[in-house]
Amino acid sequence: MNSRYELRNAMKEIPKMKPVVDSAVKRWENDGDIEYIDYCEKDRIEYWDGEFMRTLYYPETDTQDRIKDSIICDPEAEQFINPEACAAFIYNCIDVNAVSSVKNIAFIYDDADDSRISPAREELYERAGDGCDEYAYEVGLDMLGITWVERSTIIINVREIAEACMKEARLNADVYGSPVEAEFAHEFKTCLTSTLCHEFRHAVYELNDFAPATGLNNEGPYPASGREEAVVEEYGGQQAADLMRDAESSRYINKMLNRDRMRAYCERKAASPETGHDIDEEYEL
Ligand SMILES: [Zn+2]
């Protein structure tokens with residue numbers, strides 16, 4: 001992997017993307033390939049990739065504050081997660097080539113009966129900027145997460161994750177005779193981490209036109225076959241397991257979770273009927 005934390009551990013430099021971008025832009029200009037480059041910012045390039053507007057934040061100057069500002073979080077999602085700690089995890093533990101190409105990260109918690117559009121979805125609609133992308137109101141419904149490619153946005157569906165994890169936690173608690181709260185906390189941690197790893201893996205392939213060594217000979221950090229959904233799924237699960245085993249990454253992960261409020265959620269749920277899908281039924285982009 002290529003996260004800040006691992007690069008620091010290996011005493012390696014953060015990849016310097018600006019020179020790569022400069023030479024690519026020169027090539028595009030020479031070939032007449034690029035229709036629009038807004039290239040005036042120090043920390044990023046904004047450009048038209050032929051299909052969508054893209055932003056690439058240079059990994060060498062990207063900051064945790066920028067990630068924090070990119071996060072949109074529904075108030076109900078904060079029953080489970082702490083958005084600032086999520087920014088710290090994403091900034092330190094996720095591949096810099098993925099993080100640098102994502103503009104927004106939305107933690108959505110939809111109403112059970114769809115009676116109201118969530119504030120995070122309203123904000124997503126606003127950030128889309130052109131006042132016409134109503135997909136913001138439904139992207140990621142019935143999924144654990146999705147990479148909204150057109151908008152360089154990662155959606156984490158916290159309600160779906162919580163309900164799927166509650167179902168799993170109840171089964172496990174029955175089998176092992178353990179407390180539901182403990183099972184739920186474990187399931188939620190695993191599912192949130194692997195969904196983040198999964199979606200950010202899509203981001204490298206779908207959003208970053210400058211990720212090195214994509215494609216050729218199926219080698220390098222981003223082999224062509226790695227783009228396929230089944231491979232992304234396996235990668236996300238494996239990476240999450242690796243991160244949870246590592247002492248420092250695991251501290252970042254644990255800080256994302258709002259354990260007290262999670263416990264309260266479990267108590268409330270204990271008295272209510274089953275909802276949500278099984279984890280295994282879920283699919284993602
Ligand atoms: Zn996927």
Subject >> Contacts under 7 angstrom Cβ, first residue in region 117-131 being at negative phi, partner in a helix (DSSP H, G or I) and surrounded by 15 or more Cβ atoms within 10 Å (Cβ to Cβ), 6 or more apart >> reply: Ile117/Tyr137; Arg121/Ala136; Arg121/Tyr137; Leu124/Ala136; Tyr125/Ala136; Tyr125/Tyr137; Ala128/Ala136; Ala128/Arg151
**OP:** Consider Glu206 carefully, then state whether it is in contact with a helix residue (DSSP H, G or I) (Cβ under 7 Å, 6 or more places away or on another chain), within 16 Å of the ligand (Cβ to nearest atom), farther than 17 Å from Ile72 by Cα and not basic (Lys, Arg).
**Re:** yes
Subject >> In region 111-157, residue farthest from the chain's Cα centre (by Cα) [restricted to those that are among the small types (Gly, Ala, Ser) and closer than 21 Å to Glu76 by Cβ] >> reply: Ser115
Original post:
Could you give every pair whose Cβ atoms fall below 8 Å, whose first residue belongs to region 138-149 and is more than 14 Å from Leu196 (Cα to Cα), and whose second residue is more than 11 Å from the ligand (Cβ to nearest atom) and part of a loop (DSSP other than H, G, I, E, B), counting only separations of at least 6 or pairs across chains?
Top reply: Leu141/Asp110; Asp142/His277; Val149/Phe52
**OP:** Have a look at Ala136, Ala169, Ala185, Ala162 and point out the one that is of a type in the set (A, V, I, L, M) and at pLDDT below 95.
**Re:** Ala136
Original post:
Can you find even one residue in region 254-266 that is among the acidic types (Asp, Glu) and part of a helix (DSSP H, G or I)?
Top reply: yes
Original post:
strands (runs of 3 or more DSSP E) wholly in region 28-134 with at least 1 residues that are aromatic (Phe, Trp, Tyr) and within 29 Å of Tyr265 (Cα to Cα) - which ones?
Top reply: 104-108
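The values are calculated or read from the model by the stated rules, or taken from the named source; none is laboratory data. If you're wondering where the values come from, they're calculated on a predicted model, not measured in any experiment. We place every Cβ from the backbone using ideal geometry, glycine too, and count neighbours over all the protein chains shown.
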